[in-house]
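Colleague: Dropping a structure here in structure tokens format, bear with me for questions.
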Amino acid sequence: MSDLSVNIVGPRMKNPLMLASGILDETGESMLMAVKKGAGAVVTKSVGLEANEGHRNPTAFEIGDGLGLLNAMGLPNPGINDYEREVKIALTGGVPVIGSVFGRDGKDFSYLAGKMEDYGASAVELNLSCPHAKGVGMDIGADPEEVGIIVSAVSSAVSIPVFAKLTPNVPNIADIALSAVKAGAEGVVAINTLKGMIISPETGLPVLGNRLGGLSGPAILPVGVRSVFEIKQRFMKEEVNAVIIGVGGISSAHDALQYIMAGADALQIGSVMRWKGAAVFGEIASGISDFMDREGYSTIKDMVGIAQEAKK
Amino acid sequence: MKHSEGLKGTDIVEIEKVQRETHDTVSLYFTHHDDAKTGQFYMVWIPGLDEVPMSISAIEEDGRRSVTVKDVGEATHALCTMKAGEQIGIRGPFGKGYTLVGKRVLLVGGGSGMASLIVAAREYARVGKDVTLCIGARTKEDLLFGEQAGIKVEVSTDDGSAGFHGFVTDLAERLLNEDDYDMIVTCGPEIMMKKMLDIASAREIKYEASLERLMKCGIGVCDACAIGGYRVCKGGPVFPDTILLKIDEFGERRRDAAGRVVKL
Ligand SMILES: Cc1cc2nc3c(=O)[nH]c(=O)nc-3n(C[C@H](O)[C@H](O)[C@H](O)COP(=O)(O)OP(=O)(O)OC[C@H]3O[C@@H](n4cnc5c(N)ncnc54)[C@H](O)[C@@H]3O)c2cc1C
Ligand SMILES: Cc1cc2nc3c(=O)[nH]c(=O)nc-3n(C[C@H](O)[C@H](O)[C@H](O)COP(=O)(O)O)c2cc1C
């Protein structure tokens with residue numbers, strides 16, 4: 001029998017599938033729903049210092065019948081003080097809760113990460129990659145040096161594992177990943193959404209309230225797999241032993257396996273819930289398990305990064 | 001929409017007809033070819049301004065649709081002042097509609113909730129069910145959809161200017177005392193819907209309600225309209241008594257645009 005469990009965020013996860021930040025996780029009750037449907041861990045909505053209403057509607061929509069989602073939510077969140085309630089509720093699900101936070105600098109991030117640690121989070125994820133909010137997210141996360149400074153500040157402020165969530169909207173995602181890990185991150189999460197825009201020709205206007213947004217869902221899978229592959233390749237070259245969490249466009253076990261074989265130790269699932277609901281966690285977990293039984297893999301680790309060794 | 005037709009965020013439609021319903025409520029008619037069902041909603045884009053959830057208030061086989069908008073703020077005001085020929089964007093239909101079960105049905109509505117409930121009332125009547133529609137309003141001037149062909153309508157007003165003088169829930173209880181019903185369907189202010197849930201469960205009558213929460217994506221990903229682990233946009237807006245009885249925030253609390261818990 002194949003063993004799906006992985007050990008990367010402190011407590012062991014029964015499977016490598018996490019709920020991705022920002023999809024059905026602003027409230028504790030919704031995170032519990034994902035746990036009930038089989039998520040091995042949940043990542044919270046990205047939370048900042050103050051309550052934030054986010055951008056004006058339209059904030060998200062589907063494009064091309066299941067192809068993807070374009071969103072510019074604008075990081076709505078109740079603020080870190082009010083968020084304790086949600087983390088506490090999520091924790092009753094009995095799986096690790098990873099607190100996602102966003103801020104402007106090392107000081108903001110350290111404070112927020114400390115709060116998440118106090119609330120009981122097993123790890124923190126630093127949102128250095130949201131493409132549609134001013135002065136935060138990828139505005140600061142596209143520069144390897146700045147990422148290093150922030151990660152280093154947070155790593156010395158908390159004792160739980162720190163993960164840096166990266167943007168694909170750069171030419172050098174592996175440089176940023178390396179910088180994060182050298183500054184003390186346990187690992188990286190790749191990828192956040194791709195910058196995008198949809199215009200309605202009839203009105204001559206971009207449809208999103210914020211005009212610019214982030215593309216997610218099935219359409220971005222190849223970009224995510226490529227990003228994880230490049231990061232793993234660099235980690236191997238530099239002999240760095242760090243965790244990679246793959247995210248972006250995963251809808252099936254087949255998709256999840258691509259990320260694992262590119263180098264991901266665990267995975268996050270987001271947009272696909274638009275089409276398959278939270279039941280997709282169970283579906284993907286059993287699909288991976290069937291594949292492993294069929295192909296003779298006994299642990300997830302046995303498959304991690306095997307595409308790296310394939311002959312060119 | 002298929003990829004081959006191009007990728008769009010919303011379907012642009014032209015308003016074909018504007019019908020004033022009350023002093024603050026207007027119906028906008030347009031054509032949108034879809035498989036809309038009773039109780040579903042659209043996300044309606046006012047280009048360049050905002051996008052808001054609106055129940056589908058008429059569903060015709062030829063694709064004619066309407067939304068019925070009450071002027072309560074910036075976006076709804078813009079919709080209420082639109083003219084035939086102007087454009088809006090339509091996403092949807094979204095959500096789970098009414099189950100349309102029951103033979104002797106009491107529908108209880110108030111305010112803009114009538115926009116959704118009226119379609120259920122018409123559909124029950126069309127398939128020959130015994131329907132009684134209770135409409136609550138503040139005054140006679142606020143009464144929405146007061147006269148409907150083939151449907152028994154009972155009215156209540158807070159000031160007694162039309163029909164029963166008092167709460168629509170008291171009117172509904174009076175009707176329940178006089179006759180047997182096997183289904184209660186409600187859409188309107190949440191306090192009213194909560195009261196009707198209590199009444200229905202005390203009398204062991206099946207019940208469903210169409211809820212409102214602040215909505216953003218409309219497609220079940222962003223969690224803005226969360227209630228008790230469900231999303232109103234996808235799990236609802238129509239929920240059965242069995243679920244609502246287990247959600248302690250129903251009739252008590254909601255979330256603001258930042259996701260903070262606030263009292264209703
Ligand atoms: C599923 C659903 C169906 C609806 N159907 C109808 C309908 O058929 N007819 C109708 O007139 N109204 C309907 N509404 C309510 C309508 O969406 C809001 O009145 C509208 O969004 C208010 O926007 P505004 O800019 O005019 O007002 P604002 O100035 O934004 O707010 C005015 C009031 O409306 C509430 N509100 C604001 N935004 C929303 C939102 N996105 N969702 C719900 N409430 C909100 C606020 O809490 C406030 O009390 C429906 C709501 C939902 C969730
Ligand atoms: C509606 C929506 C909201 C999101 N909010 C956040 C967020 O708050 N923080 C974050 O790090 N990523 C956020 N993301 C990005 C996702 O976590 C994920 O990285 C991305 O969507 C790719 O994965 P997917 O294709 O499985 O959705 C959001 C994505 C969507 C669609």
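The values are calculated or read from the model by the stated rules, or taken from the named source; none is laboratory data. For clarity, every value in this text was computed on a predicted model and none was experimentally measured. Neighbour counts run over all protein chains shown; Cβ positions are idealised from the backbone, glycine included. Note: areas computed on protein heavy atoms with side chains; ligands, DNA, RNA excluded. Shrake-Rupley method; radii C 1.70, N 1.55, O 1.52, S 1.80 Å.
Colleague: Can you give me the ranges of the strands (runs of 3 or more DSSP E) entirely in the stretch B:1-105 with at least 2 residues that are more than 14 Å from every other protein chain (Cβ to nearest Cβ)?
Modeller: Output list reads B:17-22, B:25-31, B:50-59, B:64-70.
Colleague: Identify, by number, the condition in (1) within 14 Å of another protein chain (Cβ to nearest Cβ); (2) within 14 Å of ligand 1 (Cβ to nearest atom); (3) crowded, with 17+ Cβ neighbours inside 10 Å; (4) of a type in the set (V, I, T) that B:V221 doesn't meet.
Modeller: Among (1) within 14 Å of another protein chain (Cβ to nearest Cβ); (2) within 14 Å of ligand 1 (Cβ to nearest atom); (3) crowded, with 17+ Cβ neighbours inside 10 Å; (4) of a type in the set (V, I, T), the lone unmet condition for B:V221 is (2).
Colleague: Please go through (1) within 12 Å of ligand 1 (Cβ to nearest atom); (2) facing another protein chain (nearest Cβ under 10 Å); (3) surrounded by fewer than 24 Cβ atoms within 10 Å (Cβ to Cβ) for B:G228 and return the number of the only condition it doesn't satisfy.
Modeller: Every listed condition holds for B:G228 apart from (1).
Colleague: Moving to a separate point now. Go through the stretch B:138-186 and report how many residues are under 14 Å from B:R104 (Cβ atoms), touching a strand residue (DSSP E or B) at 6+ places or on another chain (Cβ under 7 Å) and of a type outside the set (A, V, I, L, M, F, W, C).
Modeller: 4
Colleague: Additional query: Given the conditions (1) within 16 Å of ligand 1 (Cβ to nearest atom); (2) closer than 30 Å to B:G6 by Cα, and given that A:A51 satisfies all but one, which numbered condition is not satisfied?
Modeller: The number of the failed condition is (2).
Colleague: Quick check on B:A84: is it among the small types (G, A, S) and either away from ligand 1 (no atom under 15 Å from the Cβ) or more than 18 Å from the chain's Cα centre (by Cα) (or both)?
Modeller: Judged against the criteria, B:A84 is a match.
Colleague: Next question, about the same structure. Can you spot a residue in the stretch A:77-98 that is buried (at least 24 other Cβ atoms within 10 Å of the Cβ), away from chain B (no Cβ under 12 Å) and in a strand (DSSP E or B)?
Modeller: yes
Colleague: Among the numbered criteria (1) in contact with a Phe, Trp or Tyr (Cβ under 8 Å, 6 or more places away or on another chain); (2) open to solvent by 10 Å² or more (accessible area, probe 1.4 Å), which one does A:G48 miss?
Modeller: Going through (1) in contact with a Phe, Trp or Tyr (Cβ under 8 Å, 6 or more places away or on another chain); (2) open to solvent by 10 Å² or more (accessible area, probe 1.4 Å) one by one, A:G48 breaks only (2).
Colleague: Here is a follow-up. Any idea which of A:L215, A:L221 is in contact (Cβ under 8 Å) with a residue 40 or more places away in the chain and within 13 Å of ligand 2 (Cβ to nearest atom)?
Modeller: A:L215
Colleague: Counting just the residues of the stretch A:61-87 that are without any contact (Cβ under 8 Å) to a residue 60 or more places away in the chain and among the hydrophobic types (A, V, I, L, M, F, W, C), which one comes out nearest to A:G99 (Cα to Cα)?
Modeller: It comes out as A:V87.
Colleague: Which numbered condition in (1) of a type outside the set (A, V, I, L, M); (2) within 13 Å of chain B (Cβ to nearest Cβ); (3) under 25 Å from A:N15 (Cα atoms) is the only one that A:G48 fails?
Modeller: (3)
Colleague: Could you name every one of the strands (runs of 3 or more DSSP E) located completely within the stretch A:152-218 that has at least 3 residues being open to solvent by 20 Å² or more (accessible area, probe 1.4 Å) and under 21 Å from A:G248 (Cα atoms)?
Modeller: none
Colleague: Then there is this: Considering A:G64, A:G74, A:G38, A:G68, which residue is at the interface with chain B (Cβ under 7 Å from one of its Cβ atoms) and among the small types (G, A, S)?
Modeller: Just a single option satisfies the conditions, and that option is A:G64.
Colleague: Filter the stretch B:1-50 for residues that are free of Cβ contacts under 8 Å to residues at least 40 places away in the same chain and touching a helix residue (DSSP H, G or I) at 6+ places or on another chain (Cβ under 7 Å) and give the result.
Modeller: B:L49, B:D50
Colleague: Same structure, new question: Can you tell which of B:L214, B:L175 is in contact (Cβ under 8 Å) with a residue 12 or more places away in the chain and within 24 Å of B:K129 (Cα to Cα)?
Modeller: Among B:L214, B:L175, only B:L175 is in contact (Cβ under 8 Å) with a residue 12 or more places away in the chain and within 24 Å of B:K129 (Cα to Cα).
Colleague: Being small (G, A, S) and more than 29 Å from A:M33 (Cα to Cα), is that true of even one residue in the stretch A:270-290?
Modeller: no
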